[in-house]
Amino acid sequence: MAHRPLIPLLLTFIGGLLLSQSGFFQSAHRSYLSLPFLLSGLFLVVLLSPSRFSRWSLLPLFFLLGAFLIPRNGGESTIQDLAIRGERVLLEGTVLKPLSSSGDIARYAIRIHWLKEKKERHPEERRIDAKCRLTIYRNPRLFHPGDRVRFPAKLGTFRNFNNPGRYDYELSMRSKGYACTASVSDGRMVVPMGKGSLGFPRAWIEGARRGVRDFLRSNLSEDNGGILSALLLGERQGIGASFRERLNRTGLGHILAVSGLHIGLLAWLAFSLFKALLSFSYRVTLATDTRKISALASMLAVTGYTALTGFQVSSQRAMIMALVYFSSIIIGRDRDLWSTLAIAAFLVLSLDPAAVSSISFQLSFMAVVGILFLAPKLMRGLPSPPLSTETKTGPILKGLYSYLVGTAVVTLSAVFFLLPVSAYYFHQVSLVAVPANMTVLPILGLWVLPLGLLSVFSLPLSHVISRSLLEASTWGLDLMKIIVELWADIPWAAIWTVIPSIFEMMLFYGLLLLILSWRGRRWARPAIVMILSLFLADISYWVLKTQFNRTLQVTFLDVGQGNAALVRFPGRQRMLIDGGGFSRDTFDVGKLVVAPYLLDSKIRRVDYLVLSHPHPDHMNGLRFIARQFRPKEFWYNGRKGGGESFQELMHIVDSGDTVIFLPKELTEPRNVSGVKVELLHPPPRGGDKWKPNDSSMVVRMSYKGISFLFPGDIEEAGEEIVVQRAGTRLRSDILLVPHHGGRTSSSTKFLDAVKPRICVISCGRGNPYGFPHPETLERLERTGCRILRIDQVGSINISVDKEGFRVETFLE
């Protein structure tokens, strides 16, 4: 505290921000206190009363500063209220970002200026200022940033998949400034209205960026153009999914976002170049401090590059960090890197308090913390190179050794320090991150990026020179892509990991801090023993829970408009019945929804996969699970789906050690760890005659007198067949309502045979089919069962033991 007072102040400030964003103050009166007023007050407290207020007394003040530093809502509340109700409105606004497309779907970021409600009488027109995300589902039109457009749209809100281990999508979009979504079915309804207003200097910057965008598009292939657009302009829309996946497997995904890496490389190159140029003049060297002049010139270069990227949030943060560091050089305080980092963090969070919860902010600053904390200690432990500097090649070899060792140490420090955070957010750890970064970053930083920037900045002077520099940059880019592919194609390049809890992450960083700083501190060794004991207790808890489970647990997951249920049998075996999915297949539910829940539960294997029938909302999510969770058996009804998703799923299953079971192999009940599992439908033969929904697998399982029924999407005709064949065996305590509560299912005859006590409806909130239908809800209510809707309560977990069953929901 005495040597670096900004560090604890920053930590308490961040604590206040996190408490504020958690909603702790939502029910209390909150004052909108301005940042300058509070900072001025704190400064006066320290300046005028140093004897009465110690530095420790500032900690609660900075905590309150973070807690009450909240952004103003502006005109967003109006459009948010309409979005919650799903209103249809007429909107007019300015395009903020270029087109982002996935298949037939196109998306734009729009700054809304004008809104008109579609009321039968007296439609209201309002002037507002809010940012929304426009989604066009077919016939997309091409617009550019700065274009003004008008369109009719249905408003909506951003929604999470409410399961443990979820990614907080709602918070992420709020932190990016989005107020709501706007959906348009046909792009032809989006009408251009001329030029909009981006304001100065953004309008001028966007004009320059559009020229660069057109230059890259006309002179490069689609792949190379997309990558260089990401590196130079910060626009990642053109990056292919396969290349993204390779970068993630190699720990190089960070190169796509213009952030600390890119700004840092440019800052280092600019500073080195300006300093070298100034050193040519003996008079300038004697008369001035070349480091300070170089730092000032480098600040201009960094600001120019950030402007070229459109002042995106991640590049703004990196720019602030670089400007703060160069400022510390100018004032002669550049050796105190920890305080410099703290000042940069204060500035970033003061300008954008929501950044504290963003992944990019956390990764950027924690990577720097890891480098500052670990790299010096690792470097001190390495031996000096046994090279003589008296020979001609000695200095060159020593410089090469220092560069390679320094790069390896910096990369290892950042990767190791970020391990828990990477596992928490991305559930994947790259085992080749260090060598991949060592081989790719020099090409990126010394070849691709500098030549690309020189090509852009020489564009107004000479197109010939600019094209030549761009071509030279793509040579390095092609080499970089080859190296990335080589590392990514190694089978063990990356592994999927369980998701650590916040408590486990705190134990990791606490243990690391104590191990590296225990000397001279008597309390350090007992603290290390205590943390190791907590680690052991945590591991023992999860081993008992995952390997020696004593109950039957069934979790109905929130996968939107679809079905997915995880069954955890007593012991260690698990079964996944359906995996959710969407018909457009632009969002992998298995990878982004189901797998995070499994990994959050410390589950790395699913023994049985069951596909009730090959429809996208039940099937598409199973592909990732089949690929990564090594199932022993795959059950399905034998009906072949017509799309590529089904073919891909079957290829994954066939290429592994998974055994396929059809209804003819499942005629006898199974006993899995004391749970009776039986297939009631379809019969071994004859299922091909029915509609796909009516041939859904109907699975029943019972344990200690409590039974579950999973009927897929079976409809009334299929229900009648099941009732005739199964009779009283259909009776079950918990029913997954067939076909998401559609009116053609859950017939009275079927419900009378099942006699459920709890009915679970798996459907997406605001789904286009209107599920669950009112008629179905009326029939369910007449049975007297308790109705649980996943779109209202989130995932539902039902555990069964000798005393009965217990129901837990995610949102209640």
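The values are calculated or read from the model by the stated rules, or taken from the named source; none is laboratory data. From a predicted model like this one, the values you see are computed outputs, not experimental measurements. In this analysis, Cβ positions are derived from the backbone assuming ideal geometry, glycine residues included, and neighbour counts consider all displayed protein chains. For the accessible areas, the whole protein counts, side chains as well, though only heavy atoms, and no ligand, DNA or RNA atoms are used. Shrake-Rupley method; radii C 1.70, N 1.55, O 1.52, S 1.80 Å.
Does anyone have the angle between helix 463-488 and the longest principal axis of the chain? Alpha-carbon axes, 0 to 90°, nearest 10? Helix 463-488 sits at roughly 50 degrees to that axis. Peptide packing: for 552-565, 727-740, the average count of neighbouring Cβ atoms within 10 Å per residue gives the ranking 552-565, 727-740, highest mean first.
Expressed as a rounded percentage, what relative contact order does the stretch 218-372 have, with Cα pairs under 8 Å and six or more residues apart? In percent, rounded to a whole number, it is 19.
Separation of the alpha carbons by more than 27 angstrom is noted, of K632/K749; K602/K802; K118/K195; K275/K377; K640/K755, for K632/K749; K275/K377; K640/K755. Stretched out straight at 0.36 nm per residue, the stretch from I490 to W114 would grow longer than its current Cα-Cα span by 130.1 nm.
Within the stretch 169-254, the trypsin sites (Lys or Arg not before Pro) that combine a DSSP coil assignment with at most 16 other C-beta atoms in a 10 angstrom radius are K176, R236. Taking the C-alpha atoms only, the angle from helix 716-726 to the longest principal axis of the chain is near 60 degrees. Each peptide in 226-232, 309-315 gets a packing score, the mean of other Cβ atoms within 10 Å over its residues, and the list from highest to lowest is 226-232, 309-315.
The DSSP beta bridges internal to the chain are antiparallel in roughly 75% of cases.
In deg cm²/dmol and to the nearest 500, what is the mean residue ellipticity at 222 nm of the chain if only DSSP H runs of at least 4 residues count, each as -39500 (n - 2.57), divided by the residue total? Here the helix-only value at 222 nm equals -14500 deg cm²/dmol. Could you tell me which GluC sites (Glu not before Pro) in the stretch 108-162 are loop residues by DSSP with no more than 16 other beta carbons within 10 angstrom of their beta carbon? The qualifying sites are E120, E124. The residues neighbouring R210, those whose beta-carbon lies less than 15 Å from its own, together hold a net charge of +2 under the Lys/Arg +1, Asp/Glu -1 convention. Using a probe of 1.4 Å, the accessible surface attributed to R159 totals some 90 Å² when neighbouring protein chains are kept in position.
Taking other residues whose beta carbon is less than 11 angstrom from the beta carbon of E720, and scoring Lys, Arg as +1 and Asp, Glu as -1, yields -2. Look at the Cα gyration tensor of the stretch 153-272: its axes a ≥ b ≥ c give a/c of at least 1.5 with a/b at or below b/c, and that counts as oblate. With Cα extents along the principal axes in Å defined as stated, name the option among [x] 104, 85, 67; [y] 101, 71, 62; [z] 79, 75, 59 computed from the structure displayed. Here Cα extents along the principal axes in Å agrees with entry [y]. Compared with the dominant principal axis of the Cα atoms in the chain, helix 313-330 is inclined by about 20°. Other residues with beta-carbon under 13 Å from the beta-carbon of Y137 carry, at +1 per Lys or Arg and -1 per Asp or Glu, a net charge of +4.
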